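Trainee: Quick one: the structure is below, and I'll ask about it shortly.
The values are calculated or read from the model by the stated rules, or taken from the named source; none is laboratory data. This is a predicted model, so every value here is computed, not measured. Because the Cβ atoms are built from the backbone with ideal geometry, glycine has one as well, and the counts that use them run over all protein chains shown.
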Amino acid sequence: MEIPMHEELRKGYDLLNNGKVEEALELINNFENQEHLESEDKHWYEMLKITLLLFIGKLPESLKIAEQGYQESMSHKNPLFTIDYFILKWGNFFLFGRAPELCNDVLSCEKLLKTVEREPPSEVKLREAFILYMKGFHLWWEGKFDEALENEKKCIELYENYDTFAYMLFFVFFVTGMIYTAKGEIDLALESHKKSLALSRGGYMFTNMINASSYQNIGEIYFQKGELDYAIEYYEKGLKIWEQFTYPMAFTFVGITYNSLIKAFLYKESPKRAQEYLDHFLDYLKMRKISEDFYYYKFGKVRILTSSSRTRDRAEAEKILKEFITAHDDLVKSGASSIPEENVAPLLLICNLYLKELRLTNDLEVLDDIQPFIQRLLKESERTKSFILQAQTYLLYGKICLLQMNMGDARRYLTQAQRIAEAHNLQLWARAISREHDKLLEQLDKWERLKSKENSISERMELASVDLTMDRMQGMRAIDPPELIDEMPILLLIIGQDGVSYFNHSFIENWDFDDLFSSFMSAFNTFSAEIFSESIDRIKIGDNLILIKPIDPFLVCYVIKGQSYPALMKLTRFSDAIKWKPEIWEALNKALKTSEILELNNPSSLGDVVNEIFNT
């Protein structure tokens, strides 16, 4: 599909697609002097000029034309033109770091497109692509990663049909990479960022900024994979670009990149090289006449202090980190905008610092000092709607409870972490957390032995894999969930709150149901309060796992051997199905009054659901 426009304008877009921005500007500046331009040609001329000015960094001039065109299109009630001008306004705001402010206007554009009548499909589909791109970005910002990804994938499909606007794919793949990174799907993120870099044309400000961001993201991905030399290579590529710019947003990214390099060399156990990069950072600040109080410089310094074996250095690091945290809390209370990373990173680093102290001192009271910072992490995750951080923090909370030998709270927090990950479709995290919970149940005997053992802190930390959790939260390890293996199904139950069974189905012939059921009822009586409050989702009896899903006033249970995560997904599907299929739900509520036990094929739809979900 193509959009009708003057041949000279199409040449201008071709030059843009090939990164020849200055040639394109010269071409359209000559075209501007032509008289009697058609309305459509005038519009595409302005769109191209705004885009070219954006690419070379003439933001005020670009924004002025975009704003004027936007107002005129609104007054003339031309919705397609309004959407076009808006995306270029949005692009300018993106460079200023203020794109999220226009979220409501993106939704207005979506509504505006629905009012369009009698326009060629190619014209409408192009604007749909514009909107999908912006909407995907905003959904990513709001933490709605699956919806964001869906929008960007549709956007890619549409843009691939427009050769004139091929340059947009460069930006779309970049945003797609950001979304995959947020989901923890780092291989797909790496692929998307490399596609974005491959589509980059010309060495202009806008493209350079996106490239630098991709380099940083690729560096972080390689860091998580443990490929530190590649990580450093890409960090340095990004730093080389960011250091060329002189506006405030660039200073922030320079700071972020120096911190990444310092982190990488500390992880490589090369504190000398980390200090060299901190010194380079200070030289950069002096050249730009930026104070040494710049957050990212001080944080880089703290990173090095926390890695020191000297008590004095660690004490100084703790003092500075607490100052960061207090300052950020004051900023949030005042209603001022804040960068989440500038609060989360100090909170994680101070937790890590205390865990190191715990290893050195074997003093469990250190864990009491960590608790307030975990609470702050939870508040920050709620404030910023960072569901990954929320799930990670509950996982960490569970590990802290394990170190304190508080098994009940540990299991509740692990269950909560997994449910948050599942609710927001963070499947890799959900799988990894579920495996952690299974592992805890498998190791209960080991934990019992450690209870009576003095000075077992290092063994507890090892068994709880606390360091691995902290590393993942700080972006130092990739998620490595186990390969999904189908469970061995044993029994499916629906019971009431009093323990009365209303449906049971065995998947194994000649199974000793009575023995298993009596064991289950014993566990049920022990854990009933937690089960019905949804605070735990599994119980281990011998070699069997009992997975639990409350659906008031019933409890659905699935008894298995093997891995819990794929079985939990089936249990959730089954629970949803019986709730929303009127025939089954009505039969269950009737059984509640009559104490009748439902059969597999009575009602018939119950058997269909069981066979569809569990016997595939």
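Trainee: Tally up the residues in region 413-439 that are surrounded by fewer than 21 Cβ atoms within 10 Å (Cβ to Cβ), part of a helix (DSSP H, G or I) and not acidic (Asp, Glu), please.
Mentor: Going through region 413-439 one residue at a time, the tally reaches 6.
Trainee: What residue, of 476, 470, is under 22 Å from the mean Cα position of the chain (by Cα), surrounded by 14 or more Cβ atoms within 10 Å (Cβ to Cβ) and assigned to a loop (DSSP other than H, G, I, E, B)? Let's see the steps before the verdict.
Mentor: Numbers: 470 fails: assigned to a loop (DSSP other than H, G, I, E, B).
From the options 476, 470, the qualifying one is 476.
Trainee: With (1) touching a Leu at 6+ places or on another chain (Cβ under 7 Å); (2) surrounded by 16 or more Cβ atoms within 10 Å (Cβ to Cβ); (3) of a type outside the set (Lys, Arg) as the list, and residue 313 as the residue in question, which single condition is left unmet?
Mentor: Result: residue 313 fails condition (2) only.
Trainee: Taking residue 343 as the residue in question, decide whether it is in contact with a His (Cβ under 9 Å, 6 or more places away or on another chain), surrounded by 13 or more Cβ atoms within 10 Å (Cβ to Cβ) and of a type in the set (S, T, N, Q). Before you say what the answer is, go through the steps one by one.
Mentor: Working: in contact with a His (Cβ under 9 Å, 6 or more places away or on another chain): yes; surrounded by 13 or more Cβ atoms within 10 Å (Cβ to Cβ): yes; of a type in the set (S, T, N, Q): yes.
Yes, satisfied.
Trainee: Evaluate the following for residue 102: is it at pLDDT 90 or above and closer than 16 Å to residue 83 by Cβ?
Mentor: Values: at pLDDT 90 or above: no; closer than 16 Å to residue 83 by Cβ: yes.
Judged against the criteria, residue 102 is not a match.
Trainee: Failed condition for residue 317, given (1) among the small types (Gly, Ala, Ser); (2) closer than 30 Å to residue 191 by Cα; (3) free of Cβ contacts under 8 Å to residues at least 40 places away in the same chain, with all others met?
Mentor: The one condition residue 317 does not meet is (2).
Trainee: Among the helices (runs of 4 or more DSSP H) contained in region 83-194, which hold 3 or more residues that are of a type in the set (D, E, K, R) and within 29 Å of residue 8 (Cβ to Cβ)?
Mentor: Working: elements: 103-113, 121-141, 145-159, 168-183.
Counting at least 3 such residues, we get 121-141.
Trainee: Now for a different question. Name the residue that is nearest to residue 358 (Cα to Cα), counting only residues in region 379-406 that are among the hydroxyl-bearing types (Ser, Thr, Tyr) and assigned to a loop (DSSP other than H, G, I, E, B). Break it down into steps so the answer makes sense when it comes.
Mentor: Keep residues of region 379-406 that are among the hydroxyl-bearing types (Ser, Thr, Tyr), which gives 381, 384, 386, 393-394, 397.
If we keep only those that are assigned to a loop (DSSP other than H, G, I, E, B) as well, we get 384, 386.
Numbers: 384: 30, 386: 28 Å.
Only one residue fits best here, namely 386.
Trainee: Return the pair list, or none, for Cβ contacts closer than 7 Å from residues in region 105-119 that are loosely packed, with under 14 Cβ neighbours inside 10 Å to residues that are assigned to a helix (DSSP H, G or I) and of a type outside the set (D, E, K, R), at least 6 apart or on different chains.
Mentor: Once the first residue is loosely packed, with under 14 Cβ neighbours inside 10 Å and sits in region 105-119, its partners that are assigned to a helix (DSSP H, G or I) and of a type outside the set (D, E, K, R) give 115/79; 119/80.
Trainee: Given the options 363, 329, 368, name the one that is part of a helix (DSSP H, G or I) and in contact with a helix residue (DSSP H, G or I) (Cβ under 9 Å, 6 or more places away or on another chain).
Mentor: Sole residue among the options that is part of a helix (DSSP H, G or I) and in contact with a helix residue (DSSP H, G or I) (Cβ under 9 Å, 6 or more places away or on another chain): 329.
Trainee: If you don't mind, there's one more thing I want to ask. Quick check on region 316-330: of everything there that is under 16 Å from residue 345 (Cβ atoms) and over 27 Å from the mean Cα position of the chain (by Cα), which residue is surrounded by the most Cβ atoms within 10 Å (Cβ to Cβ)? Can you show your working first?
Mentor: Looking only at region 316-330, we keep the residues that are under 16 Å from residue 345 (Cβ atoms), and these are 317-318, 320-329.
Among the residues that remain, those that are also over 27 Å from the mean Cα position of the chain (by Cα) are: 317-318, 320, 323.
On the way: 317: 22, 318: 19, 320: 18, 323: 13.
Of everything passing the filter in region 316-330, 317 is surrounded by the most Cβ atoms within 10 Å (Cβ to Cβ).
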